[in-house]
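**Student:** Following this message is one structure expressed as structure tokens.
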Amino acid sequence: MDCLFCKIVSGDIPSTKVYEDDMVLAFRDIAPQAPVHVLVIPKIHIDSAQDVTFENSDYVKRIFEVIPKIADSEGLENGYRVITNIGHDGAQSVHHMHFHILGGKAMLERMA
Ligand code: AMP
């Protein structure tokens, strides 16, 4: 499958890893929109959060277990934002589910 983030999981495309386990990989966004901008992805291909099912939701569980650990290691004690974009209207550009961790500054109140 021609998926950018699957290639990052396989190591065919390099990334700056900040966390990895058997189910999840986290790496720095190549075009950061905040002082801390990390992407957390499942190691299996799931198109988007719209495609989460009873069969694959353990990956989402694991992602939300590791997000606080990453936030701690990135020094985000004042808080941060977690975003997942879905489909065209959600402005999703990479169609492998990912959760943005954005922090290191106060976020704007408006989200859209
Ligand atoms: P989204 O627009 O929600 O699909 O987010 C995709 C994100 O992937 C964007 O913030 C991009 O900057 C980021 N991105 C694209 N290519 C890479 C890459 N090779 N390594 C790290 N981040 C990337």
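**Student:** Using only Cα atoms and rounding to the nearest 10 degrees, what angle (0 to 90) does helix 57-73 make with the longest principal axis of the chain?
**Tutor:** With rounding to tens, the tilt is 30 degrees.
**Student:** A further question follows. Under the definition of Cα pairs under 8 Å and six or more residues apart, what whole-number percent is the relative contact order of region 1-110?
**Tutor:** Details: 166 pairs, mean separation 34.1, N = 110.
Taking the mean separation of contacting Cα pairs over the length of region 1-110, I get 31 percent.
**Student:** Another question, then. Expressed as a fraction of 2.2 N^0.38 Å, the rule-of-thumb size for a compact globular protein of N residues, what is the C-alpha radius of gyration of region 37-95?
**Tutor:** On the way: Rg = 12.6 Å, N = 59, 2.2 N^0.38 = 10.4 Å.
With N residues counted in region 37-95, Rg over 2.2 N^0.38 Å equals 1.22.
**Student:** Where nothing but the Cβ of Lys and Arg (+1) and of Asp and Glu (-1) is charged, how large is the charge dipole of the chain around its Cα centre, in debye to the nearest 20? Before the final figure, lay out each step's value.
**Tutor:** On the way: 10 positive and 16 negative charges, 65 e Å.
It comes to approximately 320 debye.
**Student:** Mind checking which of 3, 63, 33 is farthest towards the positive end of region 1-70's charge dipole, using Cβ charges of +1 (Lys, Arg) and -1 (Asp, Glu) about the Cα centre?
**Tutor:** 33
**Student:** Could you put 100, 88 in order of accessible surface area, largest first, with the 1.4 Å probe and the full protein assembly present?
**Tutor:** Working: 100 25, 88 165 Å².
Highest to lowest solvent-accessible surface, that is 88, 100.
**Student:** Hey, what D do you get for the chain in µm²/s if you plug the Kirkwood alpha-carbon radius into Stokes-Einstein at 10 °C and 1.306 mPa s? Please report the intermediate quantities before stating the final value.
**Tutor:** Values: Rh = 14.4 Å.
Estimated diffusion coefficient is 110 µm²/s.
**Student:** Can you send over the carbon and sulfur percentage of the accessible area for the chain, probe radius 1.4 Å, protein chains only? Don't jump to the answer; show the numbers that get you there.
**Tutor:** Values: 3650 of 6930 Å².
Accessible surface attributable to carbon and sulfur in the chain totals 53 percent.
**Student:** Could you give the accessible area per residue of region 1-109, probe 1.4 Å, as a whole number in Å²?
**Tutor:** Numbers: 6490 Å² over 109 residues.
Accessible area per residue: 60 Å².
The values are calculated or read from the model by the stated rules, or taken from the named source; none is laboratory data. Source: prediction; values computed, not measured. Note that each Cβ is placed from the backbone with ideal geometry, even for glycine, and that neighbours are counted across all protein chains shown. Remember, those area values only see protein heavy atoms, side chains included, never the ligands or the DNA or RNA. Shrake-Rupley method; radii C 1.70, N 1.55, O 1.52, S 1.80 Å.
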